[in-house]
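Heads up, the thing below is written out as structure tokens.
The values are calculated or read from the model by the stated rules, or taken from the named source; none is laboratory data. Computed from a prediction, not measured in an experiment: that's the story for all the values here. Quick reminder, even Gly has a Cβ in these numbers, built from the backbone with ideal geometry, and neighbours come from all protein chains shown. Each accessible area value is taken on the protein alone, full model and side chains, heavy atoms only, with ligands, DNA and RNA left out. Shrake-Rupley method; radii C 1.70, N 1.55, O 1.52, S 1.80 Å.
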Amino acid sequence: FRIVEFIGKNFTDYRDFIARHDCANLVHREILVWLNHNKTRWDIVDLRYVCEESDVVKNYNTLFRDSGFRTAIQRHNTCPYLRLRRDRDVYENIHSEDLVKEIKYKTRRLTRDFNYRFLSISSSLELEEYRGKFFELHRKRRDQKLQRGMFRSEKQEQLFTNLWSDLLGRGLKLCFLLIDNQPAACLCNFAFKNKIYSYQNGLDPRFAKYSLGSIIHSLAIREALKEGMEEYDLLLGSSDYKREWTEQYRTLYRIIISRGFRLSIFTTYEKVLGFWLRQFRRSKLIRKCYVWFNRARTRDIHMTSTV
């Protein structure tokens, strides 16, 4: 299949057409006109992770009514978020009382056993010093969970290094939890229009018993409240730990556009392929071999780069 999709695949949790709100409908209709005039150049338009707040979702029924295409819309995933109440402290903004008790208890234990501090990167010198630590902590966390992780190659690390340099002081919230002055947990957040988007994280498994992930999120939320932010978005996924933070979420949709019977063939193919991929991924032995292979490949890449 020749598939048309959004750029940002595998990197972005909210995807949509970038258009001024008062021009959105015009832009969407012009795109449909283009698709209609270029039918021989594509088979499927696969728009994933479109937020419920998007005009494409809100106007789905009217937008495609006379388009002549076969379309389908599916609930695809969710993005949990905390609506921050500035008149309350960080713990009063967290949904689960059990989580609040755990954070307080683990913070007391951490205070008793170590010296720690919260660091938010604010200068290019700090960014240069700590960016490598972020990649390292992220890989450690993903290896512990038998996942490949976001930063899988030197090119991807360089991409985010450039991005962070450009956004330093303009929305980047790169945070570290330092234990005895050594990075033990980290967050890569972005601030935009009074909202914080919590994008990626990492931590040192040696400190797993202190729940550093929960502690560093609570410290980041405290900073967001001080800065007058209105929302803390945990982004894609409905993991158990995210449900403890909040009961609010946004639904993400998938919109598929096709011609003729291609939609039925495409969705059937995906169901069959998806079933076998899930069976494959459930094998712990396969996952361990996959992580081991990726580690070896990453080491080779870095050794080659060093040489």
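Calculated mean residue ellipticity at 222 nm for the chain: -14500 deg cm²/dmol, from DSSP H runs with n ≥ 4 weighted as -39500 (n - 2.57), summed, divided by the residue count and rounded to 500. Working ranking of peptides 47-56, 91-100 by packing, defined as the average number of other Cβ atoms within 10 Å per residue, highest first, is 47-56, 91-100.
Coupling constants for the range 76-90 follow from the phi torsions by the Karplus curve (6.51 cos²θ - 1.76 cosθ + 1.60, θ = phi - 60°), and in residue order they are 10, 5, 9, 10, x, 8, 9, 7, 7, 9, 5, 7, 10, 7, 4 Hz; glycine and proline get x. In the context of the full protein assembly, Lys226 retains an accessible surface of approximately 150 Å², using a probe radius of 1.4 Å and ignoring ligands and nucleic acids. Look at the Cα gyration tensor of the chain: its axes a ≥ b ≥ c give a/c of at least 1.5 with a/b over b/c, and that counts as prolate.
Taking amide hydrogens as placed 1.01 Å from N in the peptide plane, the amide H of Gly202 sits under 5 Å from those of Cys186, each at least 5 positions away in sequence or on another chain.
Quick one: grab the alpha carbon gyration tensor of the range 147-251, order the square roots of its eigenvalues as a ≥ b ≥ c, and give me rounded if a/c is under 1.5, else prolate or oblate depending on whether a/b is larger than b/c. Verdict is rounded for the range 147-251. Remark: accessible surface ordering of Leu172, Leu146 (largest first) is Leu146, Leu172, probe radius 1.4 Å. Within the shell of other residues whose beta carbon sits under 12 angstrom from the beta carbon of Glu97, the net charge comes to -2, with Lys and Arg scored +1 and Asp and Glu -1.
Using +1 at the Cβ of each Lys and Arg and -1 at the Cβ of each Asp and Glu in the range 1-72, identify which of Leu63, Cys23, Trp42 lies farthest towards the dipole's positive end. Going by the Cα projections, it comes out as Trp42. Highest mobility in the GNM of the chain, judged by mean-square fluctuation with C-alpha springs under 10 Å and restricted to Thr40, Thr251, Thr78, is found for Thr40.
Computed extension length for Ile265-Tyr91: 57.7 nm, one decimal, from 0.36 nm per residue of separation with the Cα-Cα distance subtracted. Taking every C-alpha pair closer than 8 Å and separated by at least 6 residues, the mean separation divided by the residue count of the chain gives a relative contact order of 30 percent.
When Lys and Arg each count +1 and Asp and Glu each count -1, what net charge do the other residues less than 12 Å away from Arg109, Cβ to Cβ, add up to? It works out to a net charge of +3.
When the solvent-accessible area of the range 129-256 is split by element, carbon and sulfur atoms take up 45 percent of it, the probe being 1.4 Å. Solvent-accessible area of Glu128, all protein chains in place: 110 Å² (probe radius 1.4 Å, heavy atoms, ligands and nucleic acids excluded). Where does helix 124-144 land angle-wise versus the long Cα axis of the chain, in degrees 0 to 90, nearest 10? For helix 124-144, the angle is close to 80 degrees.
Tell me whether the range 4-116 comes out rounded, prolate or oblate; compute the Cα gyration tensor, take square roots of the eigenvalues as a ≥ b ≥ c, and use a/c under 1.5 as the rounded threshold. Please list the in-between numbers first.
On the way: a/c = 3.58, a/b = 2.79, b/c = 1.28.
Judged from the Cα gyration tensor, the range 4-116 comes out prolate (a/c at least 1.5, a/b above b/c).
Bridge orientation summary for the chain: considering DSSP beta bridges with both residues in this region, about 90 percent are antiparallel. When the solvent-accessible area of the range 1-72 is split by element, carbon and sulfur atoms take up 50 percent of it, the probe being 1.4 Å. If you run the Gaussian network model on the chain, springs between alpha carbon atoms under 10 Å, then out of Leu236, Leu168, Leu203 the most flexible one is Leu168.
Taking a straight line from the alpha carbon of Lys39, these aspartates and glutamates sit under 17 Å away, with near neighbours fewer than eight places off in the same chain left out: Glu5, Glu30, Asp66. For the residue pairs Lys106/Lys209; Lys140/Lys209; Lys133/Lys209; Lys58/Lys193, the alpha carbons lie more than 18 Å apart in Lys133/Lys209; Lys58/Lys193.
Just to confirm the filter: which trypsin sites (Lys or Arg not before Pro) across the range 155-223 are DSSP coil and have at most 15 other Cβ within 10 angstrom of their Cβ? Intermediate values should be presented prior to the final figure.
On the way: sites: Lys155, Arg170, Lys173, Lys193, Lys195, Arg206, Lys209, Arg222; in loops: Arg170, Lys193.
Here the trypsin sites (Lys or Arg not before Pro) that fit, given the DSSP loop and packing criteria, are Arg170, Lys193.
The residues of the chain have, on average, 59 Å² of accessible surface per residue, using a 1.4 Å probe with all protein chains present. Identify the residues of the range 213-228 with backbone N under 15 Å of a label point that sits 7 angstrom from the Cα of Thr111 along the Cα-to-Cβ direction, or state none. Counting backbone N atoms under 15 Å from the label point, the list is 215-216, 219. Name the residue, out of Tyr130, Tyr241, Tyr14, whose mean-square fluctuation peaks in a Gaussian network model built on the chain with Cα pairs under 10 Å. Ranking Tyr130, Tyr241, Tyr14 by mean-square fluctuation puts Tyr241 first.
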